[in-house]
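S.K.: Here it is, the structure, as structure tokens.
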Amino acid sequence: MAKLRILLADDHAVLREGLRLLVNAERDMSVVGEAGGGREAVRQTKERRPDIVVMDISMPDLDGVAATEQIRQANPQVRVLVLTRHGDQGYLRRLLRAGASGYVIKKTAADELINAIRIVAAGGTYLDPSLAGDLVESLVGQSAAATVTPRGELTRREVEVLHLIAWGQSNKEVAAQLGIGVKTVEYHKANATKKLRLRSRTDIVRYALAQGWLQEDEGPE
């Protein structure tokens, strides 16, 4: 089986070395390049054709947001997983709009980073639980201001389910949060995605962004 090709983009050489050791220890992954800046990341993506770029935000010459946007425009098949110390929702929103498929905080455990890489490689979207968890209650309590769409009207429960999914919650976690069964979550998710013609978690996140559900000011005070 072909290994996942990973490009590491971070301006800290020591961190890149640690990430390289971590990734290369996995039987199905291999680091094919490293970049210490945003422009170098864009150039190496074109030359080395990785499957996944693990991208920092704060880098010299070109930040991670701009680099992600350029990479995705020139290489739409390449997935970008952001790995950063920044945990605010402003950065999260900007990176998702730029085309990133995942957002991981650097303090996250190593095995969770590997899990995030696999989720993104499989076509999914990964949001660090530390970002989603604190916002779940406030998001569920939001008024369903965006329930009416050109494609149909969502019920309040469908809005709640999509809110939590957009913030990275699994069906099991959504069920626990809302006090309903997993099959009920799946039912509401299926109904909502059918109404909105959404096919994947990435589509749900993009819809949530468009509806303003992931705005920075929706978080806790």
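The values are calculated or read from the model by the stated rules, or taken from the named source; none is laboratory data. Note that the structure is predicted; figures quoted are calculated from it, not measured. Note that we place each Cβ from the backbone using ideal geometry, even for glycine, and neighbour counts take in every protein chain shown.
S.K.: Do you know which of the residues in segment 91-114 that are among the small types (Gly, Ala, Ser) and farther than 22 Å from residue 37 by Cβ is surrounded by the most Cβ atoms within 10 Å (Cβ to Cβ)?
M.R.: Once the filter is applied, the top-ranked residue is 110.
S.K.: When you scan segment 47-60, how many residues do you find that are surrounded by fewer than 19 Cβ atoms within 10 Å (Cβ to Cβ) and assigned to a loop (DSSP other than H, G, I, E, B)? Walk me through how you get there before you give the answer.
M.R.: Of all residues in segment 47-60, those surrounded by fewer than 19 Cβ atoms within 10 Å (Cβ to Cβ) come to 47-49, 58, 60.
Within this subset, residues satisfying the condition of being assigned to a loop (DSSP other than H, G, I, E, B) are 49, 58, 60.
Within segment 47-60, residues that are surrounded by fewer than 19 Cβ atoms within 10 Å (Cβ to Cβ) and assigned to a loop (DSSP other than H, G, I, E, B) number 3.
S.K.: Moving to a separate point now. With the checklist (1) closer than 24 Å to residue 207 by Cβ; (2) modelled with pLDDT under 90 in hand, flag the one item residue 107 doesn't pass.
M.R.: Going through the list (1) closer than 24 Å to residue 207 by Cβ; (2) modelled with pLDDT under 90, residue 107 breaks only (1).
S.K.: Find the residue count for segment 120-152, including only residues that are at pLDDT 85 or above and either surrounded by fewer than 18 Cβ atoms within 10 Å (Cβ to Cβ) or among the small types (Gly, Ala, Ser) (or both).
M.R.: 3
S.K.: In segment 189-212, how many are modelled with pLDDT of 70 or more, not in a helix (DSSP H, G or I) and not basic (Lys, Arg)?
M.R.: Selection size over segment 189-212: 2.
S.K.: Let me ask something else about it. Going through segment 162-184 one residue at a time, which ones are in contact (Cβ under 8 Å) with a residue 24 or more places away in the chain and in contact with an Asp or Glu (Cβ under 9 Å, 6 or more places away or on another chain)?
M.R.: To start, the set of residues in segment 162-184 that are in contact (Cβ under 8 Å) with a residue 24 or more places away in the chain comprises 162-169, 177-178.
Correct list: 164, 168, 177, 178.
S.K.: Okay, next question. Looking at segment 61-98, which of its residues are over 18 Å from residue 167 (Cα atoms) and assigned to a helix (DSSP H, G or I)?
M.R.: 64, 65, 66, 67, 68, 69, 70, 71, 72, 73, 74 - these are the residues of segment 61-98 that are over 18 Å from residue 167 (Cα atoms) and assigned to a helix (DSSP H, G or I).
S.K.: Is one or more of the residues making up segment 107-126 assigned to a loop (DSSP other than H, G, I, E, B), of a type outside the set (Gly, Ala, Ser) and closer than 16 Å to residue 8 by Cα?
M.R.: Taking segment 107-126 and keeping what is assigned to a loop (DSSP other than H, G, I, E, B), we get 107-109, 122-125.
Retained after the next criterion (residues that are of a type outside the set (Gly, Ala, Ser)): 107-108, 125.
When the remaining residues are screened for being closer than 16 Å to residue 8 by Cα, the result is none.
No - not one qualifying residue is present in segment 107-126.
S.K.: Looking at segment 12-41, I want the residues that are more than 20 Å from residue 2 (Cβ to Cβ) and in the same structural domain as residue 58 (by TED's automatic domain parsing) and have a partner that is of a type in the set (S, T, N, Q) and part of a helix (DSSP H, G or I) with Cβ atoms under 7 Å, at least 6 apart or on another chain. Which pairs are those?
M.R.: From segment 12-41, the pairs are 35/44.
S.K.: Another question, if that's okay. Working only within segment 154-203, note down all residues that are more than 24 Å from residue 103 (Cβ to Cβ) and surrounded by 14 or more Cβ atoms within 10 Å (Cβ to Cβ). Before the answer, list the steps.
M.R.: Step one: filter segment 154-203 for residues more than 24 Å from residue 103 (Cβ to Cβ), giving 154-158, 179-184, 186-188, 190-191, 194-195, 197.
Matches in segment 154-203: 154, 155, 157, 158, 180, 182, 184, 186, 187, 188, 191, 195.
S.K.: Shifting gears a bit: Inside segment 14-62, can you point out the residues that are basic (Lys, Arg) and touching a helix residue (DSSP H, G or I) at 6+ places or on another chain (Cβ under 9 Å)?
M.R.: First pass over segment 14-62, keeping only residues basic (Lys, Arg): 16, 20, 27, 39, 43, 46, 48-49.
Of everything in segment 14-62, those that are basic (Lys, Arg) and touching a helix residue (DSSP H, G or I) at 6+ places or on another chain (Cβ under 9 Å) turn out to be 39, 46.
S.K.: Now a separate question. Can you tell me which residue within segment 1-46, out of those that are among the acidic types (Asp, Glu) and part of a helix (DSSP H, G or I), is farthest from residue 111 (Cα to Cα)?
M.R.: Only one residue tops the list, namely 40.
Conditions tested, residue by residue: (1) among the small types (Gly, Ala, Ser); (2) within 14 Å of the chain's Cα centre (by Cα); (3) at pLDDT below 95.
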{"site": "50", "(1), (2), (3)": "no, no, no"}
{"site": "54", "(1), (2), (3)": "no, yes, no"}
{"site": "62", "(1), (2), (3)": "no, no, yes"}
{"site": "65", "(1), (2), (3)": "no, yes, yes"}
{"site": "71", "(1), (2), (3)": "no, no, no"}
{"site": "80", "(1), (2), (3)": "no, yes, no"}
{"site": "89", "(1), (2), (3)": "no, yes, yes"}
{"site": "94", "(1), (2), (3)": "no, yes, yes"}
